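*Asks:* Can you keep this structure in mind? I'll have questions shortly.
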Amino acid sequence: MFNINIKESTTEQLYSAVLAYTQDKIADVESVSGDRTVYYMSAEFLIGKLLSNNLMNLKIYDEVAAELAKYGRDITELEQYEPEPALGNGGLGRLAACFVDSIATLGINGQGLGLVYHYGLFKQVFERNLQTEVKDVWLDKPTWLRKTDFSTTVKLGDLNVTSRMYEMDVLGYNNKKSVLRLFDLESIDDTVITSGISFDQSEYAKNLALFLYPDDSTEEGLRLRFAQQYFMVQSGLAWILKDRQDHLHTLNEDIVIQINDTHPSLTILLLFKELLNHGIELQEAIKIVENTFAYTNHTILAEALEKWPLAYFEAIDPSLVAIIKQLDEVVKNRSADKRVVLVDENNLVHMASLAIHFSYSVNGVAALHTDILKNSELKHFNDLYPTKFNNKTNGITFRRWLAFSNKPLTAYLDGLIGNDYMSDADHLEKLLAYREDKDVLNTLIDIKHGNKVRLQNYLKQTQNIDINPDSIFDIQIKRLHEYKRQQMNLLYIIHMYQEIKAGLILDRPLTVFFGSKAAPAYTIAKDIIHALLTVSKIIENDPVVSKQLQVVFVENYNVTLAEYLIPAADISEQISLASKEASGTGNMKFMLNGALTLGTLDGANVEIAELVGEDNIYIFGEHSETIIEHYAKADYVSRDYYENSTLIKDAVDFIVSDLMLELGSKENLKRLHHELISKDWFMTLIDLEDYISVKNEMLKAYEDREDWSQKTLVNIAKAGFFSSDRTIMEYDRDIWKTNKY
Ligand SMILES: *Cc1c(COP(=O)(O)O)cnc(C)c1O
């Protein structure tokens, strides 16, 4: 099958052979096609490992595994050898990956456009209970990227660099394929890296494709990010317009460019430049551009809404400055409202504003998020353009997040209700017929236990961590951010530690898992990691508490770890401060795999709660209206909560207790303690007591094993709405209009 001596070959030889075989098979698969082309532009595509996923979508996984087994080789050897592509950072990038999967599955004529990053965001390494960052090397092994002969010159000020296009096929479930087109810098030179992930930020000709989101805490770093985005969109647009120079007047009929957050929003200006250079009048250019672009908003966090100084444009492409000024006039003519300006009084260009004014669709990513955009955060834009705003609740691909990552559950569902749900996820509801069936409920419990053992083996082998599969698995895995409130979970753990010390005995041991990277320059986020790792050691060293409570912080959280952790979860921690998590997609993955959500009414949690009903989810905390009001009035005072509750005070003060300071770093712990008492911008303390009591209620409920299993069944059965196939059908029906849906 593979033209190689399977028995004798090294892992690398065997991997290369199976990779080549799979790529050959994929070459025969028909590409998506259609009259109108969708370009999904994104700074990230967090695609995960591809080998087994592709084999499964080709429906030859079992056959290949059997062939290898004949010669004493296990396909998991190859799965573990395969590097995870370092092309993304978190939810936004994972969403883009799910979307391309669904585009391929549904046969929509779409493709992804983005960048190759040689060393990704970074690889997380814990040293002395602190996060350190090293480069994430993945291109030293055989890859799925295929070099193409398309290249283009990108001019950055006086510098000319060459951008080369690479392709990666994305296989759908129903025998169609789409493609990711990623651009790389030909003159890349990693000798500019000095140590860890530090490098000479000035040498664009060498560094532009080294890292995703290079440190932007300095002016030089900010300029580099801008240059990198410019490199991405200039490359992407060159590809889009390659054979369209003669059809620019009707461009918007032929294509749609969906921009995933503002990172690719410079494309809008570059298309203006191209149209004007071709002699098209401004008024017509506006019409074309406005009907070509659609923008997805992913956040209401002010810090994440990009604003670039005009001086950066001047340095990289001065011709854009004149265009921006013209567009600024256009915007001022449309509205005198200062809140919708394109260029503000500090000469900052608001990229979200650009994307809203000059696109035909602006979508939020969950119902609540879109409501907040329309009614508060972007209200003034919505008043100006009432028909532009729409909601597209996020989704996940069930091929990766169920069929691939939870094979036992998938096999069981297939036997019980057939496998139609894999292409039409609503069929999962057939499971509801079994909600009173004790055999089914017990089998679900057994499957969960099996997945816990699988995680146990994987963590032992890869990170030398020992866990107890008979404990409750409570999991919070997501990027580290104060709004996601890992620090609230930290305070819960401290509180439980104190209670157990005082004599509390839990019905069953609890294991709390974290997986999370903090942005390298985000000090408090790194302090939270440090506090969690330190508490974890204190508990581990305590002979009494360690029998009941364990804290596991897995190193270098990524898609592969998520694929092991999520199927093993009992409790899904979705505890963001209400109004701050636009959607979340981790919450959907957990639900689909039979974990119960412990969450605030935020993002897509709201829709999960509506679908499963209040008996099948654990909701706590203040509602978004209340939180938004607190921000508006600036009347949240964390110190009041701290001083008025001994429970809160005791938990918070433990962070700077002798025990902690002995084992941990004084600087980090004191800073975190001070932050929680004196600022706490994301209101940890407002929800802490409610969180503790609802979580403890959940631990009690777990002991009625059958009842708990029934709740997990309802969650699985109702997860169909969160298939990314549904999301993409809605994008196509309402925004892209390729006439497929
Ligand atoms: C799904 C996923 C995310 C997003 O998780 P949220 O809980 O929605 O923030 C981030 N990283 C990885 C690796 C994922 O698979």
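*Asks:* Using a Cα-Cα cut-off of under 17 Å, which lysines could be cross-linked to Lys452, ignoring same-chain neighbours fewer than 8 residues away?
*Replies:* Cross-link targets: Lys407, Lys460, Lys589.
*Asks:* On to the next question. Would you mind checking which residues have amide H under 5 Å from Val362's amide H? H placed 1.01 Å from N; only 5 or more apart, or other chain.
*Replies:* It is Tyr295, Phe389, Asn390, by chain and number.
*Asks:* So which lysines pass the test for Lys177, namely a Cα distance under 16 Å, with those fewer than 8 places away in the same chain ruled out?
*Replies:* Once the sequence-local lysines are set aside, what remains near Lys177 is Lys25, Lys59, Lys740.
*Asks:* Follow-up question, since we're still on this one. Mind listing P(r) for the chain? All alpha-carbon pairs, 20 Å bins, whole percents.
*Replies:* All Cα pairs considered, the percentages come to 17, 51, 30, 2.
*Asks:* Can I ask one more? Taking neighbour Cβ counts within 10 Å as the exposure measure, how do Trp308, Trp401, Trp144, Trp138 sort from fewest upward? Spell out each step's value before the answer.
*Replies:* On the way: Trp308 24, Trp401 28, Trp144 21, Trp138 18.
The order, fewest Cβ neighbours first, is Trp138, Trp144, Trp308, Trp401.
*Asks:* Work out from phi, with θ = phi - 60° and the Karplus expression 6.51 cos²θ - 1.76 cosθ + 1.60, the ³J(HN,Hα) of each residue of segment 357-370, listed in order in whole Hz, and give x for Gly and Pro.
*Replies:* Ordered by residue, 3J(HN,Hα) equals 5, 10, 9, 9, 9, 10, 10, x, 10, 7, 4, 5, 4, 5 Hz.
*Asks:* Taking a temperature of 20 °C and a viscosity of 1.002 mPa s, what whole-number D in µm²/s does Stokes-Einstein yield for segment 398-720 with Rh from Kirkwood over alpha carbon pairs?
*Replies:* The estimated diffusion coefficient comes to 106 µm²/s.
*Asks:* Fully extended, how many nm does the chain gain between Lys7 and Asp424 (0.36 nm per residue separation, minus their Cα-Cα distance)?
*Replies:* Working: separation 417, 0.36 × 417 = 150.12 nm, distance 4.04 nm.
Result: 146.1 nm gained on full extension.
*Asks:* Could you give the nm distance between label points at Glu290 and Glu614, where each point is 7 Å from its Cα heading toward the beta carbon?
*Replies:* 4.6
*Asks:* Run through segment 649-690 and list the trypsin sites (Lys or Arg not before Pro) located in a DSSP loop whose Cβ has at most 14 other Cβ atoms within 10 Å. Can you show the working numbers first?
*Replies:* Working: sites: Lys649, Lys666, Lys670, Arg671, Lys679; in loops: Lys679.
Qualifying residues, ordered by number: Lys679.
*Asks:* Continuing with this model, one more query. Could you calculate the FRET efficiency of Leu159 with Asn696 from 1/(1 + (r/R0)^6), where r is the beta carbon distance between them and R0 is 56 Å, rounded to 0.05?
*Replies:* Values: r = 59 Å, r/R0 = 1.06.
Using R0 = 56 Å, I get an efficiency of 0.40.
*Asks:* For the chain, what is the mean residue ellipticity at 222 nm derived from helices alone (per DSSP H run of n ≥ 4: -39500 (n - 2.57); sum divided by total residues; nearest 500 deg cm²/dmol)? Don't jump to the answer; show the numbers that get you there.
*Replies:* Numbers: 30 runs with 328 residues, N = 741.
Rounded to the nearest 500, it is -13500 deg cm²/dmol.
*Asks:* Now a separate question. Once fully extended, how much extra length lies between Glu555 and Thr523, figured as 0.36 nm per residue of separation less the alpha-carbon to alpha-carbon distance?
*Replies:* Details: separation 32, 0.36 × 32 = 11.52 nm, distance 1.82 nm.
Difference between extended and current length: 9.7 nm.
*Asks:* If you rank Tyr40, Tyr166 by fewest surrounding Cβ atoms within 10 Å, what's the result?
*Replies:* Details: Tyr40 27, Tyr166 18.
By the 10 Å Cβ count, ascending: Tyr166, Tyr40.
*Asks:* Starting from 0.36 nm per residue, how many nanometres of slack lie between Asp24 and Ala205 once their C-alpha separation is accounted for?
*Replies:* On the way: separation 181, 0.36 × 181 = 65.16 nm, distance 3.45 nm.
Net length gain for the segment: 61.7 nm.
*Asks:* How much net charge surrounds Ile447 when only other residues with a Cβ under 11 Å from its Cβ are counted (Lys, Arg +1; Asp, Glu -1)?
*Replies:* Details: positive: Lys407, Lys448, Lys452, Arg454; negative: Asp446.
That works out to +3.
*Asks:* Reachable lysines from Lys695, Cα under 18 Å, same-chain residues fewer than 8 places away excluded?
*Replies:* Those lysines meeting the cut-off are Lys484, Lys711.
*Asks:* How would you rank Thr600, Thr194, going from fewest to most other Cβ atoms within 10 Å of each one's own Cβ?
*Replies:* Numbers: Thr600 28, Thr194 9.
By the 10 Å Cβ count, ascending: Thr194, Thr600.
*Asks:* DSSP loop (so not H, G, I, E, B), at most 12 other Cβ within 10 Å: list which chymotrypsin sites (Phe, Trp or Tyr not before Pro) in segment 473-580 pass both filters.
*Replies:* Values: sites: Phe473, Tyr483, Tyr492, Tyr497, Phe513, Phe514, Tyr522, Phe553, Tyr557, Tyr564; in loops: Tyr522, Tyr557.
Counting only loop positions with at most 12 other Cβ atoms within 10 Å, none of the chymotrypsin sites (Phe, Trp or Tyr not before Pro) in segment 473-580 qualifies.
*Asks:* With both partners inside the chain, how many of the DSSP beta bridges are antiparallel, as a percent to the nearest 5?
*Replies:* Working: 28 of 74 bridges.
That works out to approximately 40 percent antiparallel.
*Asks:* Kindly state, to the nearest 0.05, the FRET efficiency for Glu329 paired with Ala302, given R0 = 30 Å and r defined as their beta-carbon distance.
*Replies:* Numbers: r = 26 Å, r/R0 = 0.87.
Plugging the Cβ-Cβ distance into 1/(1 + (r/R0)^6) gives 0.70.
*Asks:* Trypsin sites (Lys or Arg not before Pro) within segment 413-502: which are DSSP loop residues with at most 16 other Cβ atoms inside 10 Å?
*Replies:* When the trypsin sites (Lys or Arg not before Pro) of segment 413-502 are filtered for loop state and at most 16 Cβ neighbours within 10 Å, Arg435 remain.
*Asks:* Another one. Give a residue-ordered list of calculated ³J(HN,Hα) values for segment 458-464 (Karplus: 6.51 cos²θ - 1.76 cosθ + 1.60, θ = phi - 60°; whole Hz; x for Gly, Pro).
*Replies:* 5, 5, 5, 5, 8, 10, 6
*Asks:* Using amide H atoms built 1.01 Å from N in the peptide plane, name the residues 5+ places from Val552, or on other chains, whose amide H lies under 5 Å from its own.
*Replies:* Close amide H contacts, sequence-distant or interchain: Val512, Phe513, Phe514.
*Asks:* While we're here: With θ set to phi - 60°, apply the Karplus curve 6.51 cos²θ - 1.76 cosθ + 1.60 along segment 665-681 and write out the HN-Hα couplings as whole Hz, x wherever there is a Gly or Pro.
*Replies:* 9, 4, 4, 5, 5, 5, 5, 5, 4, 5, 4, 5, 7, 9, 9, 6, 3
*Asks:* What residues of segment 278-321 lie in the reach of a label at Thr626, counting those whose backbone N is under 16 Å from a point 7 Å from the Cα along Cα→Cβ?
*Replies:* Once the point is set 7 Å along Cα→Cβ of Thr626, nothing inside segment 278-321 turns out to lie under 16 Å by backbone N.
*Asks:* What number comes out for the charge environment of Glu314, summing +1 per Lys or Arg and -1 per Asp or Glu over other residues with Cβ under 12 Å away? Mind showing how you got there, number by number?
*Replies:* Numbers: positive: Arg223, Lys325; negative: Asp317.
So the environment of Glu314 carries a net charge of +1.
*Asks:* Between their Cα atoms, which of Lys478/Lys526; Lys176/Lys430; Lys448/Lys700; Lys307/Lys338; Lys287/Lys737 are more than 21 Å away from each other?
*Replies:* Details: Lys478/Lys526 14 Å; Lys176/Lys430 27 Å; Lys448/Lys700 18 Å; Lys307/Lys338 15 Å; Lys287/Lys737 18 Å.
As for pairs spanning more than 21 Å Cα to Cα, those are Lys176/Lys430.
*Asks:* Oh, and also: Given a Förster radius of 25 Å and the C-beta distance between Asp446 and Asp414 as r, what FRET efficiency does 1/(1 + (r/R0)^6) yield to the nearest 0.05?
*Replies:* Numbers: r = 16 Å, r/R0 = 0.66.
Efficiency, rounded to the nearest 0.05: 0.95.
Every read-out reported here was derived from the displayed coordinates using simple, explicitly stated rules and does not represent laboratory data. None of these values were measured; they are calculated from a predicted model. No Cβ is skipped: glycine too gets one built from the backbone with ideal geometry, and neighbour counts run over all protein chains shown.
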